[in-house]
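Heads up: the structure comes next, in C-alpha cells.
The values are calculated or read from the model by the stated rules, or taken from the named source; none is laboratory data. Since this is a predicted model, take the numbers as computed values, not measurements. Note: ideal-geometry Cβ built from the backbone for every residue, glycine included; neighbour counts use all protein chains shown. Calculation scope for accessible area: heavy atoms of the full protein, side chains included, ligands and nucleic acids excluded. Shrake-Rupley method; radii C 1.70, N 1.55, O 1.52, S 1.80 Å.
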Amino acid sequence: MKAWQATALGEPAEVLQLADVPEPTVGPGQLRVRVLAAALNFPDALMVRGHYQVRPEPPFTPGVEVCGEVLEVGPGVDPGRARVGDRVVGTTAVPAGGLAEQCLMPAGGAFPAPPSWSDAQASCLTIGYQTAYVGLVRRAALQAGETLLVHAAAGGVGTAAVQVGKALGARVVGVVGGAAKAEVARAAGADAVVDRTEGDLVGALREALGRGGADVVFDPVGGPSFEASTKVVAFEGRIVVVGFTSGTIPTPPLGHALVKNYSLVGLHWGLYLERNPAVAQDAHARLLEMAATGAVEPVVSEQVPFADAPAALARVASGRTTGRVVVLGE
C-alpha cells in the first residue's frame, strides 16, 4: 500500500516521502482500517519534527486522527466496539498512522462515525471535539449562562470549543489572530471576537467580556495568551490549559490565583483513553447528540488529495490555516 513516511525528523514538506509499504499487521486490541479521510493536527507536525511527547523512530507514518472503514478486528476486541465494515472515527496507532491507504487504530480510541456526516467531516470529530467537551464539561464544569473565553478560536480545537460552549448555553468570546480568522470564529458561533493583532489584548478582552470577566478560559496557546487570561478571569473562574501552540510554556502565577480565587486545570485528553475510557465514550455519545441536532459541525477549511499531504501538513504547522485541514483517502 502507499503511505507517507517521515524518513527523518524535520519539517513535513522536507522529510515526508511517499513509499510502498506492507499493509499493517493488526495486533491485540487493534483495528485495521481503510483510511477514508485523515484530519491533520498540530501534533502530527510536532511528531514529524521530533518535538512531540510520542517520538517514534523514522521511518514512520504520521496522522493521529482518521475516519476509516474497518477491514479487520484484532484479538481481544469486544465485538460491541467495532465489526468489519463499520465506519469509525478516532485515533490511530502511530507508527502505522493515518497518512496511508490503511492504518491501525486502538479499539479503545475508535468510535462510531456520525451517519449523516461526510468522511471529511467525521474525521474531525474525535480529538478536537473530545478535547473541547471533556475540557469544558469535566474539567471546567462550564454552566449555562456563564462566559467562556476561547483562545485560537478559528483553529480546529478552537472552533470545536466555540461550538461546544454554545451548545452548553455559554456566552462565547473568541480570540484570533487576524481579520480573516475573526470571520471564521464568528461563523463558528462566537458571540464576540477579539483580534489579538490589533493592540492591547487585555483591554480588548475586558471590554468584550464585561465586568465579570471569563468564568472559563479554554487555552491551547499558552505564552502571552495565558498571561492575558489571568488578568481577565472571573472570581472562581477556571483556566483550562490545553496546549502551548505559541511555543512558550507559561509559569503560573500561583500567588495571583490565590488572591483572585481562580483555578488552573490541565487537560491531556488522550490520557483518558488509558486511565478512564468511559469518559471518552460518554463524551462521544454526547457529541453524537450534538451532531444530530446541528449544534456541532466541523469547520473543514480544506479537503486535499492524498498526494498533497506534506504541503497540507506544512500549512497546519505554520499556524496559517483555519478550522480543519483534511487529507482525503487514496
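Provide the percentage of antiparallel DSSP beta bridges, counting only those with both residues in the chain; round to the nearest 5. Walk me through the numbers on the way to the answer.
Working: 31 of 57 bridges.
Around 55 percent antiparallel, to the nearest 5.
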### Query
How much of the accessible area of the chain, in percent, comes from carbon and sulfur atoms when a 1.4 Å probe is used?
52 percent
### Task
Indicate, rounded to the nearest 5 percent, the antiparallel portion of the DSSP beta bridges found entirely in segment 80-196.
35 percent
### 15 Å beta-carbon shell around Leu9, net charge (K/R +1, D/E -1)
-2
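Please list 250-257, 193-200 highest first by mean number of surrounding beta-carbon atoms within 10 Å per residue.
Working: 250-257: 12.5, 193-200: 16.2.
Ranked from most to least packed, the peptides come out as 193-200, 250-257.
Any chance you could list the semi-axes, whole Å, largest first, of the equivalent ellipsoid that the Cα gyration tensor gives for segment 89-141, using √(5λ)?
Details: eigenvalues 100, 43, 16 Å².
They are 22, 15, 9 Å, listed from largest to smallest.
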### Query
What does the charge count near Gln30 come to, summing +1 for each Lys or Arg and -1 for each Asp or Glu among other residues with Cβ under 12 Å from its Cβ?
+1
## Note on the structure
Note, segment 242-257: 3J(HN,Hα) by Karplus (6.51, -1.76, 1.60, θ = phi - 60°), whole Hz, Gly/Pro = x, goes 9, x, 9, 5, 5, x, 10, 8, x, 9, x, x, 5, x, 5, 4
#### Entry: Fluctuation leader among Ala45, Ala19, Ala153 - the chain, Gaussian network, Cα springs under 10 angstrom
Ala19
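Using the Cα atoms of segment 109-166 to build a convex hull, what is its mean projected area in square nanometres?
Numbers: hull surface 18.5 nm².
Mean projected area for segment 109-166: 4.6 nm², to one decimal.
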### Task
Give the relative contact order (percent, whole number) for the chain; include only Cα pairs under 8 Å separated by 6+ residues.
18 percent
## Note on the structure
Around Leu313 (Cβ within 14 Å, Cβ-to-Cβ, excluding Leu313; K/R +1, D/E -1) the net charge comes to -2
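Could you order peptides 179-189, 267-277 by the average number of other Cβ atoms within 10 Å of their residues, highest first? Don't skip to the answer; put the middle values down first.
Numbers: 179-189: 19.1, 267-277: 15.6.
In decreasing order of mean packing, 179-189, 267-277 become 179-189, 267-277.
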### Task
Would you kindly work out the equivalent ellipsoid of segment 17-159 from its C-alpha gyration tensor and give its semi-axes, the square roots of five times the eigenvalues, largest first in whole Å?
27, 19, 13
### Message
Let me see the P(r) profile for the chain: every Cα-Cα distance counted, bins of 20 Å, each bin given as a percent of all pairs.
### Response
34, 56, 10
### Message
In whole Å, what are the extents of segment 192-239 along the principal axes defined by its C-alpha atoms, from largest to smallest?
### Response
29, 22, 16
### Burial order of peptide ranges 2-8, 131-137 (average beta-carbon count within 10 Å, highest first)
131-137, 2-8
## Note on the structure
Highest GNM mean-square fluctuation among Pro220, Pro24, Pro95, for the chain with Cα springs under 10 Å, belongs to Pro24
#### Entry: Karplus-derived 3J(HN,Hα), 6.51/-1.76/1.60, for each residue of segment 31-36, Hz, glycine and proline x
10, 9, 10, 7, 6, 8
### Task
Give the long-range amide H neighbours of Val77: residues separated by 5 or more places, or on another chain, with amide H under 5 Å away, using H modelled in the peptide plane at 1.01 Å from N.
Gly29
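So what is the accessible area of the chain per residue, in Å², with the probe set to 1.4 Å? Please list the in-between numbers first.
Details: 13630 Å² over 330 residues.
With the other protein chains kept in place, the chain gives 41 Å² per residue.
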